[in-house]
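The values are calculated or read from the model by the stated rules, or taken from the named source; none is laboratory data. Fair warning: this is a prediction, and the values are worked out from it, not measured in the lab. Reconstructed Cβ throughout: ideal geometry from the backbone, glycine too, with neighbour counts over all protein chains shown.
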Amino acid sequence: MKDVQNQQPDPSRSITHNDSKRDESDQNVSRRRFVKLGLAGLCSYSLLAAGCETYSPPPMSTYQLPKHRRPLAGTSAASHTPIKTADVLPPKVMHRIGSIEVISRKSWAKKGPKLNQANKMNGINAITVHHDAILMDKCSYQIAARRMESIRGGHASSWADIGYHYCIDREGRIWEGRPISLQGAHVKKNNPHNIGIMVMGHFNKQQPSRAQLNALTGFIKQLQRKHRISAKKIYTHQELMPTACPGKHLQRYMVSIRKNRTLA
């Protein structure tokens with residue numbers, strides 16, 4: 001049975017694998033795990049106040065990378081033992097949407113969407129912008145790729161796939177999420193025909209990077225042209241639902257680029 005696509009998380013509820021009749025975006029965020037765990041690697045996250053609560057973040061160990069020592073051929077750097085599949089990312093694959101380069105999900109996703117649980121998009125007429133409410137510093141390609149897979153895994157434990165269609169990391173890289181042919185799971189009662197874009201960071205606590213803002217603006221404009229989306233149909237999460245997402249700083253930016261007609 002396909003998930004009902006048009007509900008939003010209730011933080012007071014816990015998630016079980018028998019909840020498939022709820023909207024895919026009805027997922028509880030477990031924050032205590034982040035408070036107790038640290039992060040090793042090139043990118044750091046701190047989970048703070050509520051924002052776009054659409055997945056349960058995985059343990060921080062998920063983002064740790066092997067130590068940077070030259071390994072023997074076919075072995076890991078630290079122990080010269082055979083490399084585990086989980087430690088190796090797929091080859092990087094890019095595609096273009098107009099003039100914009102996007103990192104294909106083949107570059108990071110271990111599995112595809114569960115098509116029997118997903119609804120088809122059947123046309124596009126809106127875009128909604130989110131944040132993930134987790135502080136982010138500078139982030140390597142490898143860390144961002146592992147983060148994408150962790151989000152997908154969290155969502156896919158109960159639902160069809162990652163809820164967002166695209167994500168933008170701190171360096172301005174655009175990552176393909178759920179296939180655009182499938183309805184997302186990111187806004188209660190507003191998922192049909194609506195592209196979900198998540199910008200990584202906590203924008204009540206930090207400013208979006210210039211690279212993120214440039215990537216977001218250019219990408220929205222490209223999607224507008226491709227799908228003939230009016231500026232009046234470019235939303236933020238909090239404009240459709242009572243939520244802090246996408247944070248005050250990104251919200252202010254979105255309001256400004258609509259007001260000054262950057263988004264035609």
Restricting the search to the range 122-131, which residues are surrounded by 14 or more Cβ atoms within 10 Å (Cβ to Cβ) and either at pLDDT below 95 or of a type in the set (Ser, Thr, Tyr) (or both)? Thr128
What are the residues in the range 168-189 that are surrounded by 24 or more Cβ atoms within 10 Å (Cβ to Cβ) and either free of Cβ contacts under 8 Å to residues at least 24 places away in the same chain or out of contact with any Pro (no Cβ under 8 Å at 6 or more places or on another chain) (or both), if any? Ile168, Asp169, Trp175, Glu176, Gly177, Gly184, Ala185, His186, Val187
Residues that are touching a Gly at 6+ places or on another chain (Cβ under 8 Å) and not hydrophobic (A, V, I, L, M, F, W, C): find the helices (runs of 4 or more DSSP H) completely inside the range 176-264 holding 1 or more of those. 210-227
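Please go through the range 207-264 and give me each residue that is among the aliphatic types (A, V, I, L, M), closer than 16 Å to Met136 by Cα and surrounded by fewer than 17 Cβ atoms within 10 Å (Cβ to Cβ), ordered by number. Walk me through it before giving the result.
Initially, the range 207-264 is screened for residues among the aliphatic types (A, V, I, L, M), giving 211, 213, 215-216, 220, 223, 229, 231, 234, 240-241, 244, 250, 254-255, 257, 263-264.
Keeping just the survivors that are closer than 16 Å to Met136 by Cα gives 211, 213, 250.
Within the range 207-264, just Ala211 meets the criteria.
Of all residues in the range 123-146, count the ones that are under 21 Å from His237 (Cα atoms) and not charged (D, E, K, R). Explain how you work it out, then say what you get.
Quick first cut of the range 123-146, residues under 21 Å from His237 (Cα atoms) only: 123-136.
Checking the rest, the ones that are also not charged (D, E, K, R) come to 123-131, 133-136.
Residues flagged as under 21 Å from His237 (Cα atoms) and not charged (D, E, K, R) within the range 123-146 amount to 13.
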Criterion violated by Ser209 - all others in (1) more than 28 Å from Thr262 (Cα to Cα); (2) polar (S, T, N, Q); (3) more than 11 Å from the chain's Cα centre (by Cα) satisfied: (1)
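So which residues in the range 242-259 are farther than 19 Å from His165 by Cα and touching a residue at least 12 places away in the same chain (Cβ under 8 Å)? Can you show your working first?
Taking the range 242-259 and keeping what is farther than 19 Å from His165 by Cα, we get 242-244, 247-249, 251-253, 255-259.
Residues satisfying the conditions are Thr243, Ala244, Gly247, Lys248, His249, Gln251, Tyr253, Ile257, Arg258.
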